[in-house]
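In what follows, a structure is listed as structure tokens, so that the remarks can point back to it.
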Amino acid sequence: MTNTVLITGANRGVGLALAEHYHQAGWRVIGVCRQGSDALKVVAERVIEGIDVTQPEGVKRLAQELAGETLGVLINNAGLLRDESLGEIDFDTIREQMEINAYAPLRVCEALLSNLAEGSKIANVTSRMGSIADNDSGGRYGYRASKAVLNAFGKSLAMDLKPKGIAVAQLHPGFVQTRMVNFGGLISPEEAARGIAARIEALTLDTTGGFWHSNGEPLPW
């Protein structure tokens, strides 16, 4: 497996922490984002900016930029959290989260199939809020649904790609101190990145399709 990793949403938060982690581990990092950051440019050998992964044209350009590249690990990290509560449902924000959290990772995976080889791995950064069994508080309709859809997509990808020797994981980073939650999380982006990277390292074709917390805990669907 080549030691090249591609990370979407790599300019800040967990994505940037993943880029820093893999850089420090000696990997060649490709960071993909709508707008780059100075911090990302320090650790990524290549930054592909101006990519909106919700748009077919953006994903097509990404595939063109990566022609001939072989990826060891593809991390679909870009995501969005909005809030909806019953009685005040905003279907526009639900659609927006579906596009970014669910459809975009599938678009990226399909577009970059030719960049994946036997031994490559895909990690979809999801959320335990996408677990139906674990939902005991309600609310967050769009976020929960979009992550549940991502989990379903990831499981299908795992089954379809297993014969090609490509493993897929759905990984919950934890409650991370990022802008998405107004920095009110329980763990740092660096800790989340270490956990995600450890789960990717441990991923095999025997465990492909699983849903885990970054700390290694299996999560219910």
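The values are calculated or read from the model by the stated rules, or taken from the named source; none is laboratory data. The structure presented is a predicted model; accordingly, all values stated were derived computationally and were not measured. All Cβ positions, even for glycine, are placed from backbone atoms using ideal geometry, and neighbour counts span all protein chains on display.
Among (1) surrounded by fewer than 20 Cβ atoms within 10 Å (Cβ to Cβ); (2) more than 19 Å from VAL176 (Cα to Cα); (3) not small (Gly, Ala, Ser), there is one condition ASP134 misses while meeting the rest; what is its number?
All conditions pass for ASP134, except number (2).
Please enumerate the residues belonging to the range 96-127 that are out of contact with any Ser or Thr (no Cβ under 6 Å at 6 or more places or on another chain), among the hydrophobic types (A, V, I, L, M, F, W, C) and either free of Cβ contacts under 8 Å to residues at least 60 places away in the same chain or assigned to a helix (DSSP H, G or I) (or both).
Hits for the range 96-127 are LEU106, VAL108, CYS109, ALA111, LEU113, LEU116, ILE122.
Please find, within the range 212-221, the residue that is farthest from THR126 (Cα to Cα) out of those that are touching a helix residue (DSSP H, G or I) at 6+ places or on another chain (Cβ under 6 Å) and not hydroxyl-bearing (Ser, Thr, Tyr). Show your work before the answer.
Going through the range 212-221, the residues touching a helix residue (DSSP H, G or I) at 6+ places or on another chain (Cβ under 6 Å) turn out to be 212, 214-215, 219.
Next, from what is left, pick out any that are not hydroxyl-bearing (Ser, Thr, Tyr): 212, 215, 219.
Working: TRP212: 9, ASN215: 14, LEU219: 11 Å.
Restricting to residues being touching a helix residue (DSSP H, G or I) at 6+ places or on another chain (Cβ under 6 Å) and not hydroxyl-bearing (Ser, Thr, Tyr), the top hit is ASN215.
Within the set of pairs 6+ apart or on separate chains, which have a first residue in the range 38-49 that is among the β-branched types (Val, Ile, Thr) and surrounded by fewer than 18 Cβ atoms within 10 Å (Cβ to Cβ), a second that is modelled with pLDDT of 95 or more and not in a loop (DSSP other than H, G, I, E, B), and C-beta atoms under 7 Å apart?
So the pair list comes out empty.
Name the single residue that is surrounded by the most Cβ atoms within 10 Å (Cβ to Cβ) among those in the range 50-80 being of a type in the set (A, V, I, L, M, F, W, C) and over 14 Å from the mean Cα position of the chain (by Cα).
LEU62
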